[in-house]
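Everything below concerns the one structure shown next.
The values are calculated or read from the model by the stated rules, or taken from the named source; none is laboratory data. Note that the structure is a prediction, hence the values are computed from the model and not measured. Ideal geometry is used to build each Cβ from the backbone, glycine not excepted, and the neighbour counts take in all protein chains shown. Note: accessible area is taken over every heavy atom of the protein model, side chains too, but ligands, DNA and RNA are not part of it. Shrake-Rupley method; radii C 1.70, N 1.55, O 1.52, S 1.80 Å.
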Amino acid sequence: MTSTVTQPQTSQPQVVEVSTPRVHNLHHVEVFTPKPNESLDFFTRVLGLHETHREGQSVYLRGAGEWARYSTILTEAAQPGLGHMAWQVAEPDQVEGWARRFRDKGVEHKLEAGGSRFAQGDTLSFTGPFGHRTELFYDFERYEPEAASKLLSQPVRFPTPGIGARRLDHLNITARNVDEARDWYTDVLGFKLREAARTPDGDIGVWMSVTSQVHDLAIMRDGSGERGRLHHIAYYLDTPETLLRAADTFVEEGTPIDAGPGKHGLTQAFFIYVFEPGGNRVELFSGGYPIHGPDWQPIIWDGANIEKAIVWYGGQLPDTFFTVAT
Ligand SMILES: [Fe+2]
């Protein structure tokens, strides 16, 4: 007996592109300060960041848990605010590919060879749709600690000075139209929407990420008419208890506390917000939750839920939380 195997009749299989254009992670922020000495004292002695470099009007700082030579650049300027935010791309030699993508999307940009910025490789710079200066790059110089930790997953030995901010966690920027900003950051840079505060006339805040964090970037509505504003930058603390200790330190230091300590429903963040001496809002953050699956369904807070989204527990946020940005 013989048997025949019939091949199933299929149309030409469709090839699914495996690479999703997505920036990889937040690397650093540049913060402008009109009070460089006071700001530097706050970021180092109080927050516990370490100075690693100086150049021109800028001081470069890193947290104890960070492998790069800096995550924060403090730059003297007439007004506080965001100098730029910088994101690492996923693979070496991908910067040129992102430039091509920007050409296709009609995003004005500038490509500069490595070495044009301290400890940083080839860099693509551009301005986001609501005026935020941004850089993309892959290569950076790692920090070489003088006293490496025997705990090999940790760059330096503990304890650190001050409240011991572990690492830069996320930043929150503002936009006149949050819906447009959300769509642009999704479409062009590959951010995923994780949570949103939604009203009938559009989103008033969105929390987005490219990593498994619930947010790497938040965008809140800005009625000021100004562009490129920063709401806050946030540093990660290991535990909520560390955050309560930080609150003690801020009171001892006379650091103006804007809000907290408390917990947001949104992102499940334990938070405290303070103003550094240069006028920028800084958040100390703990908690949050990880997101691993590719099919996350955004959490939408609306109607009566919004109150709990903003403050799950703790004191109410001051009105200025929704109007003051730098
Ligand atoms: Fe935040």
Along the positive direction of the dipole of region 18-114 (beta-carbon charges: Lys, Arg +1; Asp, Glu -1; about the Cα centre), which of 61, 111, 20 reaches farthest?
20
Accessible area of residue 110 in the full protein assembly, 1.4 Å probe (Å², nearest 10):
120
Region 106-159: relative contact order as a whole-number percent, Cα under 8 Å and 6+ apart
23
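At a 1.4 Å probe radius, carbon and sulfur cover how many percent of the accessible area of region 250-326?
On region 250-326, the fraction of accessible area on carbon and sulfur atoms equals 57 percent.
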Please list the non-local residues whose amide H lies under 5 Å from the amide H of residue 262, H modeled 1.01 Å from N, same-chain partners needing a gap of 5 or more.
271
Simple spin-label estimate for residue 316 and residue 253 in nanometres, 7 Å along Cα-Cβ:
2.9
Can you bin every Cα-Cα distance in region 34-78 into 10 Å intervals starting at zero and give me the percent of pairs per bin, rounded to whole numbers?
31, 57, 12, 0
Give me the percent of the accessible area of region 182-221 that comes from carbon and sulfur atoms, probe 1.4 Å, all protein chains in place.
55
Within region 125-190, trypsin sites (Lys or Arg not before Pro) in DSSP loop having at most 11 other beta-carbon neighbours inside 10 Å:
150
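Normalised by the residues of the chain, what does the relative contact order come to in percent, with Cα pairs under 8 Å and at least six apart?
17
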Alpha-carbon centroids, region 15-90 and region 146-169: separation in whole Å:
17
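Per residue, how much accessible area does the chain show when a 1.4 Å probe rolls over the protein heavy atoms, in square angstrom?
With the other protein chains kept in place, the chain gives 50 Å² per residue.
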Given a cut-off of under 8 Å on Cα pairs at least six residues apart, what relative contact order in percent is computed for region 161-320?
26
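Where the accessible area of region 1-160 is counted over protein heavy atoms with a 1.4 Å probe, how much of it, in %, is carbon and sulfur?
Values: 4450 of 9330 Å².
On region 1-160, the fraction of accessible area on carbon and sulfur atoms equals 48 percent.
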Antiparallel versus total DSSP beta bridges in region 174-313: what percent is that, nearest 5?
70
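So what's the chain giving for Rg/Rh, alpha carbon basis, Kirkwood Rh from the mean inverse pair distance?
Here the Rg-to-Rh quotient is 1.03.
Would you calculate, for the chain, the mean residue ellipticity at 222 nm contributed by helices, counting each DSSP H stretch of 4 or more residues as -39,500 (n - 2.57) and dividing by all residues, to the nearest 500?
-4500 deg cm²/dmol
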I'd like the accessible area for residue 53: 1.4 Å probe, protein heavy atoms, all chains in place, Å² to the nearest 10.
40
